[in-house]
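Okay, so here's the structure we're looking at.
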Amino acid sequence: MGDNPATLFADPGKYQYSSCEQLASQRKHWSTREQELKLLMDKAQQSAGGAIVNVLAYKADHVAASEELKVLEIAARNKNCETPDNWR
């Protein structure tokens, strides 16, 4: 995969011209969004028909958030940004 991960929803070149500060801000946003979606998916799974709700309502958004995080991580690595400890 290298510098261009295979993604369905995220544009691998989207953050090409972003600064390290902008990347960190976007990383925080997408990380929070991914966690929110995970909580919603877990909650829906507990109800009857939860698997269907997850697929219809949350799965695509969760995948999109995960892909954005991957693209951000690669962009930050390519720019030699100083990353917080919680970055992979």
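Every number in this text was worked out from the coordinates using simple rules, so none of it is lab data. Since this is a predicted model, take the numbers as computed values, not measurements. Cβ sites come from the backbone with ideal geometry, for glycine too, and all protein chains shown count toward neighbours.
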According to the Cα gyration tensor, what semi-axes, each the square root of 5 times an eigenvalue, does the equivalent ellipsoid of the stretch 31-88 have, listed from largest to smallest in whole Å? 30, 11, 6
Cα to Cα, under 30 Å, and not fewer than 8 places away if on the same chain: which lysines meet these conditions relative to Lys79? Lys14, Lys28, Lys38, Lys70
Peptide ranges 34-47, 55-68 listed from the most packed, as the mean C-beta count within 10 angstrom indicates: 55-68, 34-47
